[in-house]
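Visitor: Next up is a structure, given as structure tokens.
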Amino acid sequence: LVSAPAAEALRSAILFDPDSTAPGWKALDEKARLDRDQPASPAMALGAESLRALVLARQRGGRGREKLRENLKNLSFEGLQGPVRLDEFGDARRPVYECIAKDGRLSVAGEGQQ
């Protein structure tokens, strides 16, 4: 929620569309509202996707920190709102959303890739 009049029409980039209808996002949002009486936050979403990446890297096999680090490289999976790919450095390439503050809340104005 954006309440300051000075923020009206402010544009920014965000990692998660708060109004997304993607099944993974909806499930996380419903769980957050049930457990915490609040909508899902970007921090919750990044935590969930990070855990997913670790589980998938672990399923690739091997033991130890170095093997896990190697398995995370070039890992691709379906994130909460679209595909996520970790590059050779472990940096995530994912959808990003341009948002605009309008009528006291953030609304998505466009989508791109990070």
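The values are calculated or read from the model by the stated rules, or taken from the named source; none is laboratory data. For clarity, every value in this text was computed on a predicted model and none was experimentally measured. Ideal geometry is used to build each Cβ from the backbone, glycine not excepted, and the neighbour counts take in all protein chains shown. Only protein heavy atoms, including side chains, enter the accessible area calculation; ligands, DNA and RNA are left aside. Shrake-Rupley method; radii C 1.70, N 1.55, O 1.52, S 1.80 Å.
Visitor: Under a point-charge model restricted to the Cβ atoms of Lys and Arg (+1) and Asp and Glu (-1), what is the dipole moment magnitude of the chain relative to its Cα centre, in debye to the nearest 20? All intermediate terms of the calculation are to be shown ahead of the outcome.
Guide: Details: 18 positive and 17 negative charges, 125 e Å.
Dipole about the Cα centre, nearest 20: 600 debye.
Visitor: According to a simple spin-label model (label point 7 Å from Cα along Cα-to-Cβ), what is the distance in nm between SER12 and LEU68?
Guide: Distance between the two pseudo-spin positions: 3.2 nm.
Visitor: Tell me, in nm to one decimal, what length is gained between ARG60 and VAL108 on full extension, where the rule is 0.36 nm per residue of separation less the Cα-Cα distance?
Guide: Gain on extension, ARG60 to VAL108, equals 13.7 nm.
Visitor: Which residue, chosen from CYS99, ALA32, LEU54, occupies the Cα position most advanced towards the positive end of the dipole of segment 11-114, where the dipole is computed from +1 (Lys, Arg) and -1 (Asp, Glu) charges on Cβ about the Cα centre?
Guide: LEU54
Visitor: Continuing with the same structure: Going toward the positive end of the dipole of the chain, with +1 on Lys and Arg Cβ and -1 on Asp and Glu Cβ, which of VAL108, LEU75, SER41 do you reach last?
Guide: LEU75
Visitor: Computing the accessible area with a 1.4 Å probe over protein heavy atoms, can you report the carbon and sulfur percentage for the chain? Intermediate values should be presented prior to the final figure.
Guide: Values: 4090 of 7520 Å².
Carbon plus sulfur share of accessible area: 54 percent.
Visitor: So which chymotrypsin sites (Phe, Trp or Tyr not before Pro) in segment 40-114 are both in a DSSP loop and have at most 10 other Cβ atoms within 10 Å of their Cβ? Before the final figure, lay out each step's value.
Guide: Numbers: sites: PHE77, PHE89, TYR97; in loops: PHE89.
The qualifying sites are PHE89.
Visitor: Net charge around PRO18, counting only other residues with Cβ within less than 9 Å of its Cβ (Lys, Arg = +1; Asp, Glu = -1)?
Guide: Numbers: positive: ARG105; negative: ASP17, ASP19, ASP29.
Surrounding charge for PRO18 is -2.
Visitor: Counting other Cβ atoms within 10 Å, which trypsin sites (Lys or Arg not before Pro) in segment 28-114 have at most 15 and lie in a DSSP loop?
Guide: Working: sites: LYS31, ARG33, ARG36, ARG52, ARG58, ARG60, ARG63, ARG65, LYS67, ARG69, LYS73, ARG85, ARG93, LYS102, ARG105; in loops: ARG60, ARG63, LYS73.
Qualifying residues, ordered by number: ARG60, ARG63, LYS73.
Visitor: Sum up the charges of everything whose Cβ sits under 14 Å from the Cβ of GLU70, counting Lys and Arg as +1 and Asp and Glu as -1, but leave GLU70 out. Each step should come with its number before you reach the end.
Guide: Details: positive: ARG58, ARG60, ARG63, ARG65, LYS67, ARG69, LYS73; negative: GLU66, ASP87, GLU88.
The answer is +4.
Visitor: Could you please report the charge total around ALA45, scoring K, R as +1 and D, E as -1 over all other residues with beta-carbon less than 15 angstrom from its beta-carbon?
Guide: Details: positive: LYS26, LYS31, ARG33, ARG36, ARG52, ARG94; negative: ASP17, ASP19, ASP29, GLU30, ASP35, GLU49, GLU78.
Combined, the nearby Lys, Arg, Asp and Glu give -1.
Visitor: How high is the relative contact order of the chain? Use alpha-carbon pairs under 8 Å, at least six apart in sequence, and give a whole percent. Spell out each step's value before the answer.
Guide: Working: 161 pairs, mean separation 38.0, N = 114.
Reported relative contact order: 33 percent.
Visitor: Next up: Kindly report the accessible area of the chain per residue (heavy atoms of protein chains, probe 1.4 Å, no ligands, DNA or RNA), in Å².
Guide: On the way: 7520 Å² over 114 residues.
I get 66 Å² per residue for this part.
Visitor: Could you state the per residue volume, in Å³, of the convex hull enclosing the Cα atoms of the chain?
Guide: Numbers: hull volume 13.6 nm³, N = 114.
Taking only Cα atoms, the chain has a hull volume of 120 Å³ per residue.
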